[in-house]
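Beneath this line is the structure, given in structure tokens, with notes to follow.
Throughout, read-outs are computed from the coordinates displayed, never taken from laboratory work. All figures in this text were calculated on a predicted structure; none of them were measured in a lab. Positions of Cβ are backbone-derived with ideal geometry, glycine not excepted, and every protein chain shown enters the neighbour counts.
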Amino acid sequence: MKLTRVVRVSVLAIGLALGALAVAPAMAAPRPVVVLDKTEPDGFDPMFASSNVNIMLSIHETLFRLDNDGKVVPAVAESIKQLDPLNWEIKIRPGLVFHNDEPINADAVVFTFDRATKLFAAGQGDLNFALGALRYDHMEKVDDLTVKLVMKFPDPIITSHMVNPELSILPPKYYGEHTLEEVAFAPVGAGGYKFVSYKPGEGTVLKAFDKYRLGKPPVDDVIIRAVPEVATRINELKAGTADLMVGVPADLKADLESSGVNVIVAPSYRRLFINIKQGRNPALADVAVRQAMNYAVNCDEINEALFSGMAKCAIDLVNSPNNDPNLQPYPYDPEKAKSLLDAAGWVPGADGIREKDGVRLSFDFDTTKGSYLSDAEVAQVMVDYWKEVGIEIKDLRTISAEVSSQMRAKQGAGFRDLMNSSSGPDYTCQGDLLLVQKDSGSNRMSWSDDKFEAMFKAFSEEFDQAKWPAMCNAAQAYVAEQAPVVWLFTEPTLYGVSKRLDYQPRPDGRFYLNLVLKGVSE
Amino acid sequence: MSYVIRRVLQSVVVVFGVSIVAFFMLFMTGDPTEIILGDGADHMTVQQIEEFRVKMGFDRPWYIQYASFVGNAVHGDFGYSFTRHQPAFQVITEKMPATIQLASIAFVLSLLISIPLGVLSAVNPHKPIDRISTFVALLGQSIPSFWLSILLMLLFGVKLKWLPISGSGTWQHLVMPAIALAAFPIARNMRLTRSSMLDFMQKDFVRTARAKGISEYRVVTSHVLRNSLLPIVTAIGLEAGFLLGGSVIIETIFGWPGVGREIVQAIGSKDFYVVQAGVITLALIFAVVNLIIDLAYSWIDPRIGFGS
Amino acid sequence: MSSIDTEPKDVGVPVVPATLHTKRRQLLSRLLKSKAATISVIILLIVVMAAVAAPWLSPHDPFANKLIQRLKPPMFSNSSGIYLLGTDSLGRDILSRVIYGARVSLTVGVSAVAISGVIGVLIGLLSGYFGGKVDDVFMRICDVQLSFPTILLALTIMAVLGSGLDKLILVLGLTGWVPYGRIVRSQVMSIKNDEFVLAARAAGERQWRILFQQILPNIWSPVIVIGSFTIASNIVSEASLSFLGVGVPPSIPSWGTMLADGREYIGVADWLTIPAGVAISLTVLAINILGDWLRDYLDPRLKNIL
């Protein structure tokens, strides 16, 4: 009996002590806004960015940016003028400074582009995407606030390519005087937020930059914390210890709302599909097999059951408004899928799985879990659909968010035959088409098609905007038919937002923190 | 003294053994050149790839590569992490303090709870306190740690709001991960203490002590407990491995920035230099901990002795 | 690593010759005297029956995704339901999956134990019997294996080989042999100079016959006890690896994947995880209690090392 009293007293004492500690001292300024991310950043050098684009976009500033409606607007640049097909003149906005008070001028811009070129040539950094899209030769200083960009190829959508965070303008003195390792976790930029500190587990601490081009952002202090486990992120929101989480599972919407968390369902331009990797399993090189995989899938059923109809099934290679409204998704037609496979020589074996020359029509499928809405569930349903027409998924493997972002890097070097993937919008048809262009970093399938490359080359060199819609539609139709991926749907995004935070989601899902965090109370 | 020297040499041999396994992990997946270049190889000519292979030294016979791997590793050079853009060893050493901190707190916690509970049980065998603590201990061994973690989080983080849910920074952040990590060792050590104590209570010298009229408290603490801690000391050494390497799950759930999470991520992205650096560093720590424990053990247990 | 150079502890007692029949009766009567052990045996019998008779016991197809029926609560909280324990996020019947899950959990637990038992016993026998150089080499291999964190080794192997039930068993089997090796070694050391061994040697018996016919039958007890504990820990490991995404493929019903997949729904739709969680905990608890009992029955002196 004595023991129980001792236990009771000590439990009470510990409880009181913890309780006292948990109550933070009252402060005048609102607590920092805590944003939950999935992975620890691997550095803040924009040219080495691979996983933490959103932090980059908040610390650094590019020549052009996307506003909340997705329109390309000048940022560090004030204006751009084409001198001839290969030469552009860019005026730099006067009076801007970096976080360390270095001036933003032509020298900074030239320094930045030279640095990217040098790193790319040395095989360093993660610049495939930026330099693959923006094929410039070099940047020249004209006067203190004017530069000339010299291209290798004509590029009609040059401004859209310059919104990539990899080409954030960097202060030449700071980045010139320090080694790559020194700057990796001590960035200096020109974005809305100054970098204060980063410690794994504690997060990235950011402070609003009062000399920011658009004025000081409305929320002063922001902490971005990496929490890999989705169940933990949800619990952080429920407990009120975090303010923002992207990707609330659709099934948990009602539960979070009843715990006092706002769940904002926003339309998104994020398009989900299943990558079909080329070069690993030869069967996937056959367009008939890829088409059959598309016909076999009942996207509408998935949408209704898993997303209450919030998603939109479509061949959304290109985003609105550039997409062809007449382009129909592959209908759910298992019979058509079967006859395509029959014609391609894949005949059902004893267990219903098709075979050709003794080889089974069998693939390995990597799916994320918790990276997109119901991703692992969607993958399992796909396995059923494909089995129905005689295609086997030999090994369906789930991978964590931390691992998946790196599997997708370098044109998807890490995954096996199939992997779910997504793409954000580029706002130009040419940019969206990069998803399947052979040199593009976003081509995770390593898909390469000569006819498409020819179409893309002609399109990407066409300066006459009147011709764009027809070229865009032709390219979309061709790619849709070639089925380099299994087309799925445009994902709705569910944001979990604390009651005190005023948050405005963007359809592209990016957070330029200065644009999406509108205010915080308390 | 010869025992000490022999024992140290053994540890060195073991760490070398681990380094062999870690080294060959890089070759298990095929051509390391291709792994490191990934699809970057698509943009290179065959000649460039060959140059890269030579530059990295992958063209040499395996034993020479292994020798240079060991030679570099001794200086803490495990190669350059191609996902982290940092030396691999630095990636590991930066994350190591967090893991060691969590492991040692869990370790202390497990001893603080398991030994008193084990003693209580052994002193009151087959009484309710014994049955309850034995049952709880068994239960602790039966629940997968990630489930326990989420339940703890819901109770102390979401419902009671006593503790922060995830991350690191303050001592409060340590509480839940440490409990979740300690659950298994608590259970095992408690059962070991109990059975070992019960065993010694039957021994002649204990009976003699009792017969002499020494108080039960003194008998238990000075005669029984001291002797029965020996098997626990042995178990503790092995626990070091569990606590250091087994914290992967706890680190993932609680967003704890440890080395386990880092290695898991590196395995997934085939960043083998980081995996090698991590595995060898963990093995080294494990070897040192066990060396210390063995030496301590031989010092406590006169049967082994330094002189022999 | 720690017991390497300590004197082998005297834990082995040659089994007293007894007829099989009396031994069995003895075992049963002793078992029935312990309430906890009896309950454990009953629980395990139920689990084994579920595993064997899964196709006949399951009310629904555990593999069939029925999206219309997803996340239905259990029958008792929703009178119109047809699913006794509800359905998961793909509309699969939880009860059927728990029943089938017994198959996977037991298969993983038992097969992995068989692999690690064979490796460990062989290494322990050779190491303990021949001693010297052989012993040195095997014990260092033991130490290397112990220095490698099991989960990380499992993850690495599965990253190379891919995931799947067979690979999971292989990985758990290959990483779990050390305890057998060490205990068998110390047992062999303690009896290899006993009279019956020496006599056999003097009679000119071949080495392998002495090992397998004279020594092996006398060291079964600790092997069986370790085996029972390892079955339990393998079942928990399966769940842990499922959490890390390298367990069995998600469509195959296993308690580990059910628990891992339902973790986001804890506190929201608890029926997704509670049945699997209870199944794991009860089974592992029962195996551990029975293991304890077996240890005390077979050889109480093992207490301090197992």
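Semi-axes of the equivalent ellipsoid for chain A, computed as √(5λ) from the eigenvalues of its C-alpha gyration tensor and ordered from largest down, come to 39, 36, 19 Å.
When Rg and Dmax are taken over the Cα atoms of the range A:122-235, they come to 17.8, 54 Å.
Remind me, what semi-axes does the range A:411-473 give for its equivalent ellipsoid, largest first in whole Å, using sqrt of 5 times each Cα gyration tensor eigenvalue?
Numbers: eigenvalues 121, 33, 14 Å².
Sorted largest first and rounded, they come to 25, 13, 8 Å.
Pairs of Cα atoms nearer than 8 Å and 6+ residues apart set the relative contact order; for chain C it is 24 percent. Once the convex hull of all Cα atoms in chain C is built, its volume per residue stands at 158 Å³. The Rg/Rh ratio of the range B:88-300, with both radii computed over alpha carbons and Rh defined as the Kirkwood radius, is 1.05.
Please order A:Asp351, A:Asp67 by the number of other Cβ within 10 Å, starting at the fewest.
A:Asp351, A:Asp67
Based on the reciprocal of the average 1/r between different C-alpha atoms, the Kirkwood radius for the range B:162-202 equals 12.2 Å.
More than 16 angstrom separation, counting every C-alpha pair in the range A:433-522; what % is that? Roughly 67 percent, once rounded to a whole number. The Cα center of the range C:278-294 and the Cα center of the range A:179-199 differ in position by 53 Å. The charge dipole of the range B:88-300, taken about the Cα centre with unit charges on the Cβ atoms of Lys, Arg (+1) and Asp, Glu (-1), comes to about 760 debye, rounded to the nearest 20. Take each uninterrupted DSSP H stretch in chain A, measure its Cα extent along the helix axis, and return the ones at 18 Å or beyond whose mean Kyte-Doolittle hydropathy is at least 0.5. Those that pass (Cα extent of 18 Å or more, hydropathy at least 0.5) are A:2-22, A:106-121. Among B:Leu155, B:Leu120, sorting on how many other beta-carbon atoms sit within 10 Å of each Cβ, with the fewest leading, yields B:Leu155, B:Leu120. Normalised by the number of residues in the range B:88-300, the average gap of Cα pairs under 8 Å and 6 or more apart makes the relative contact order 30 percent.
Annotation: the residues A:Ser446, B:Ser142, sorted from fewest to most other C-beta atoms within 10 Å of their own C-beta, follow the order A:Ser446, B:Ser142. I'd like the distance separating the alpha-carbon centroids of the range A:145-174 and the range A:213-286, in whole Å. Measuring centre to centre over Cα atoms gives 30 Å. Note on the range C:113-264: the C-alpha convex hull projects to 10.0 nm² when averaged across all orientations.
The Cα center of the range B:247-298 and the Cα center of the range A:292-338 differ in position by 45 Å.
Inter-label distance, A:Lys199 to B:Ser68: 4.0 nm, where each label sits 7 Å from its Cα along the C-beta direction. When Rg and the Kirkwood radius Rh are both evaluated on Cα atoms of the protein assembly as shown, their ratio Rg/Rh stands at 0.99.
Taking each of B:Lys127/C:Lys192; A:Lys207/A:Lys369; A:Lys277/A:Lys369; A:Lys438/B:Lys270; A:Lys91/A:Lys216 in turn, the alpha-carbon distance tops 30 angstrom for B:Lys127/C:Lys192; A:Lys207/A:Lys369.
Give me the Debye-computed log₁₀ of I(q)/I(0) at q = 0.25, 0.26 Å⁻¹ for the range C:105-159, equal point scatterers on Cα only, no solvent, two decimals. Each listed q maps to, in turn, -1.02, -1.04. So how tilted is helix C:132-147 from the main axis of chain C? Cα-based, degrees 0 to 90, rounded to 10. So the helix axis and the longest Cα principal axis differ by about 20 degrees.
Between the listed residues A:Ala130, A:Thr179, A:Asn326, the Cα displaced farthest toward the positive end of the dipole of chain A, a dipole computed from Cβ unit charges relative to the Cα centre, is found at A:Thr179. As I understand it, the dipole of the protein assembly as shown uses +1 on the Cβ of Lys and Arg and -1 on the Cβ of Asp and Glu, about the Cα centre. Which of A:Ala106, C:Ser34, C:Leu241 lies farthest toward its positive end? Towards the positive end, the residue furthest out is C:Ser34.
Taken about its Cα centre, the range A:197-268 carries a charge dipole of roughly 360 debye when the Cβ of each Lys and Arg holds +1 and the Cβ of each Asp and Glu holds -1. Projected over all directions and averaged, the alpha-carbon convex hull of the range B:84-151 occupies 6.5 nm².
Of B:Phe286, B:Met197, B:Pro144, which is farthest along the charge dipole of the range B:88-300 in the positive direction, counting Lys and Arg as +1 and Asp and Glu as -1 at C-beta? Farthest towards the positive end: B:Met197. For chain B, complete DSSP H runs whose alpha carbons reach 27 Å or more along their own long axis and whose mean Kyte-Doolittle score is 1.0 or higher are B:2-28, B:88-123, B:272-300. For chain A, the relative contact order is 20 percent, taking Cα pairs closer than 8 Å that sit 6 or more residues apart in sequence and dividing their mean separation by the residue count.
The lysines whose alpha-carbon is closer than 17 Å to the alpha-carbon of A:Lys387, local same-chain residues fewer than 8 away aside, are A:Lys336, A:Lys338, A:Lys356, C:Lys66.
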